[in-house]
Amino acid sequence: MKWLVLVLALCLTGCHFPSKIAMEGSGGRNAYNMEVQKTNAEEMLLNLVRLRYFDSPFFLEVSSVTNQFTMRNLAVASIKLPGFDKTNPMSLGGETQWTNQPTIQYSPLQGKEFANQLMQPLDINTIQQVIYSGWDIERVFSLTVKNFQEFPNIPREGLDPDELIRHQKFHQLIKLMTALQLKGDLQIGIGQSKAEDANKPNLQFAFPSDNKISEEMAELLSSEKNVNGKYVLNVVVGFDEKGNIGLLPRSLLSCMHHLSKGILIPQKDLDEKKVSFSTAGERRKEDIEKIFKELLIVCSSDKKPKNPYVAIKYRDFWFYIEDDDLHSKKTFMLLLELYNLQSGRGPDKGPILTLPLGVG
């Protein structure tokens, strides 16, 4: 009778499955969350490297993650039961086994709608959103803006240092904007255009006129002071009715192309002419930082890096962002945010790739 009671107690106890095990640990929600985040970053870096090698980018979206938990109780002979006759050969023990079987579904992001999202200019509302979320204007405009009025932002394919002289006013302007932003003196909004440009939105800037920074910025932009003691500037997106350049945003793909210039290409691939030679990617890291204050530096190595921020292997080399390179990490994070805001799953998702993964 004692033996029967113990067996029942063991089996009933084994049926309890703590929810904490399902949510935490190697097979829990947080583990999958971190893994999906990690692979998203790796995918973006992979596509930057692809662009640097003139390969086409390709994106997969995690459409769903499901998990199935299974548990099995076993009764085995292992422990002598006290109180029984010494000649009794019976012994009793228990074992509980549990496994989890995750299934991840990927959807290729493709089709006309997704291509348009990559190639059309960034929405002006998206640019305003990231600035309002706390990003500094210098980083946002350096990445997302191709032209601000007559001031170009290195629009050409080559990044020759001599060309930088022609773009100094653009960088001077966004530095002044950032200085006003840090003081809380710069307001940015979406305004209504004049009747001639009724279908074109404009980005409106307002800043006080009582300090030296504002005067320098107003001189660059030819802003007019209004009755409230502020400079107000309305910059149309695209071209105005007279053909003057206003604000020309980059596309998401153009942003990626721009950042790919900061990838340090292995010398072997340079010697074999697998990439173009006249870009910043062939310069030493310290030279790039002196000349351009490059938004993103991606290092390369023939060995797997130790503790990188993000790393991928491509064409037999490792490409990675160093974990202590805060400047590059911030830019990479901004790119991921822009990607999430600008792109999305369209109606033409293509086939779903389902991968069952054994974890347990």
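The values are calculated or read from the model by the stated rules, or taken from the named source; none is laboratory data. Keep in mind that what you see is a predicted model, and the values were worked out from it rather than measured. Cβ coordinates were reconstructed from backbone atoms using ideal geometry, including for glycine residues, and neighbour counts include every protein chain displayed.
Residues in region 302-311 that are surrounded by fewer than 18 Cβ atoms within 10 Å (Cβ to Cβ) and either touching a His at 6+ places or on another chain (Cβ under 9 Å) or free of Cβ contacts under 8 Å to residues at least 24 places away in the same chain (or both): LYS303, LYS304, PRO305, LYS306, ASN307. Is at least one residue of region 212-233 among the polar types (S, T, N, Q), surrounded by fewer than 16 Cβ atoms within 10 Å (Cβ to Cβ) and modelled with pLDDT of 85 or more? Checking region 212-233: not a single residue is among the polar types (S, T, N, Q), surrounded by fewer than 16 Cβ atoms within 10 Å (Cβ to Cβ) and modelled with pLDDT of 85 or more. Annotation for region 35-56: no member residue is part of a strand (DSSP E or B), in contact with a strand residue (DSSP E or B) (Cβ under 7 Å, 6 or more places away or on another chain) and modelled with pLDDT of 65 or more.
Filtered by the rule that a residue be in contact (Cβ under 8 Å) with a residue 40 or more places away in the chain and touching a helix residue (DSSP H, G or I) at 6+ places or on another chain (Cβ under 6 Å), region 165-185 gives LEU173, LEU176, MET177, THR178, GLN181.
If you go through region 124-133 one residue at a time, do you hit one that is outside any helix (DSSP H, G or I) and either at pLDDT below 70 or not polar (S, T, N, Q) (or both)? The answer is no; no qualifying residue exists.
The listed residues are LEU176, LEU248, LEU182, LEU259, and the only one of them that is assigned to a strand (DSSP E or B) and modelled with pLDDT of 90 or more turns out to be LEU248. Any residue at all in region 149-170 that's modelled with pLDDT under 90, aromatic (Phe, Trp, Tyr), buried (at least 19 other Cβ atoms within 10 Å of the Cβ) and not in a helix (DSSP H, G or I)? Checked region 149-170: at least one residue is modelled with pLDDT under 90, aromatic (Phe, Trp, Tyr), buried (at least 19 other Cβ atoms within 10 Å of the Cβ) and not in a helix (DSSP H, G or I).
For region 316-333, the criterion of being at pLDDT 95 or above, surrounded by 15 or more Cβ atoms within 10 Å (Cβ to Cβ) and within 30 Å of LYS112 (Cβ to Cβ) is satisfied by at least one residue.
The residues of region 305-341 that are among the hydrophobic types (A, V, I, L, M, F, W, C) and in a helix (DSSP H, G or I), listed by number, are LEU326, PHE332, MET333, LEU334, LEU335, LEU336, LEU338, LEU341.
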